[in-house]
Amino acid sequence: MNLEKWIENGIEQLKEEFGEEKVEKAIEYIKNFEVEVPSWVFGNFGGGRFGNYTPPGFARNIYEKIDDASLVHKLTGCTPRIATHILWDFSKDGYEPEYKLVEDVYNYAKQKGISLGAINPTYFLGGSYRGSFTAIEKETRKRYIEQTIFGGEIAKKYGNKLLTLWFPDGSLYPGQIEIREAYERMKESLIESYKKIPKDVKVLIEYKVFEPGTYSTTIPDWGTSYVLAKNLGENAGVLIDLGHHWHGTNIEQIVSILIAEKVLGGFHFNTKYAADDDHAVEPNLQMARIFYELVKGEVICNKERIKNWEYMIDQACGRENRFHAILHSIDSLQISLAKGVLVDIEKIKELQERDEIILANRTFNSAISLCDVRPIVLKARLEKNVPIDPIGEYIKSGYQEKIEKERK
Ligand code: PSV
Ligand code: MN
């Protein structure tokens, strides 16, 4: 098959169906879209609980994670930043964060052509089995508040002025904790931290309906994140991780409400089958519907930082090759974005006015589920001068063999 010809034919067909303007717009969106990769996808994290297997060649330290992230950026042209976790990446003992290390990593990343993105304080290591911001012991809360303020400082000086917070706090049994008091301690600790975080740093609060708490989590849903963010101020907002909901949750509706309320927002992209699996992103229908809301709400590829949402991948690898998995995620996000852009909003509006339910649904799905947008994604890559097939290019590069040898 002549690939370039296949792309051109595909583009022509898409233009016939959706119009030239929409197709060109989709190509531009793909060229401009950026997403952060998590440092932890490259390291010794995940692998599942059984057999203690981690895919070979994993990065042994933050510098090797930067090497890997830099390669992903070279192959895709759309991941210029790496999200880091303070106590995994900037600490020698997993207990105390180190400022000096951040500066060094920052410089190393620069040499490698990428930079630091979202800074994630780590609230779930070393002695916090009774909670972090909600712990009864003042000492524990103080330690985590200090780490959060430290995170704010490095987000401003070395990062992308973005701090993303996820708390493991919760309970296993009714009666184990006073859930209202835990919530109040969470709120107070957040307020105390926020006061000392530089004003131009965005703080996004992530929620999760289960795990490690099985009876309760202190921030179980977007409503709780939203209320807490409101209590903080205008630089705080909500972080949606796709794996953190009950099955069947209409996540695109959550997106639409947050946009309507002009809340600062962000995503941790991944796919879930069972619970919080942290699998690679797949180009499924919900993903495309979510992107439709993001495009319509003008919170994606918006040059005004304050209006644009923050986009990150949060995934780990069990048995799969981690480079294939992260490159697959990026591909899936680009496919979903192209679909979201192609939807004929005007036609759907007109059908909605006439209460043509099925016709509106069919028009929606002609972009979301029925069309092949790969020509758009590939054309954007050609125009951006990055490999058309990043996974194929990775396989050819010999990098996998190299890291398996060097990182024994
Ligand atoms: C928690 O499940 C989470 O989604 C948070 O975003 C953490 O930062 C990340 O996974 C890694 O544990
Ligand atoms: Mn997450």
Query raised in the report: Want the number for Glu98 to Asn9: 0.36 nm per residue separation, take away the alpha-carbon distance, what's left?
Result: 26.6 nm
Query raised in the report: Per residue, how many Å² of accessible area does the chain show with a 1.4 Å probe?
Result: 47 Å²
**Report entry** Translational diffusion coefficient (Stokes-Einstein; Kirkwood radius from C-alpha pairs) of segment 34-336 at 10 °C, 1.306 mPa s, in µm²/s
**Finding:** 82 µm²/s
Requested in this report: Determine Rg/Rh for segment 1-101; Rg is computed over alpha-carbon atoms and Rh is the Kirkwood hydrodynamic estimate from the same atoms.
Outcome: 1.19
Query raised in the report: Taking the simple approach of a point 7 Å from Cα along Cα-to-Cβ for both Gln176 and Lys230, what is their distance in nm?
Result: 2.9 nm
**Report entry** For segment 344-371 and segment 3-20, distance of Cα centres in Å
**Finding:** 21 Å
Report summary line: The percentage of the accessible area of the chain (probe 1.4 Å, all protein chains present) made up of carbon and sulfur atoms, to the nearest whole number, is 50 percent
Query raised in the report: If you bin every alpha carbon distance in segment 218-274 into 10 Å steps from zero, what whole percent lands in each bin?
Result: 22, 57, 19, 2
Query raised in the report: If contacts are Cα pairs under 8 angstrom and at least 6 residues apart, what is the relative contact order of the chain in percent?
Result: 19 percent
Query raised in the report: Just Leu162, Leu242, Leu285 to compare: in a GNM of the chain, with alpha carbon springs under 10 Å, which one fluctuates most?
Result: Leu285
Report summary line: Note to self: C-alpha centroids of segment 251-267 and segment 66-92 sit apart, in Å, by 27 Å
Query raised in the report: How far is the Cα center of segment 23-41 from the Cα center of segment 379-396, in Å?
Result: 13 Å
Query - Candidate aspartates and glutamates for bridging to Lys230, where Cα separation is under 17 Å - those fewer than 8 sequence places away on the same chain excluded - result: Glu184, Glu188, Glu192, Asp200, Glu206, Asp221, Glu261
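The values are calculated or read from the model by the stated rules, or taken from the named source; none is laboratory data. Source: prediction; values computed, not measured. Glycine also receives a Cβ, built like all others from the backbone with ideal geometry; neighbour counts cover every protein chain displayed. Remember, those area values only see protein heavy atoms, side chains included, never the ligands or the DNA or RNA. Shrake-Rupley method; radii C 1.70, N 1.55, O 1.52, S 1.80 Å.
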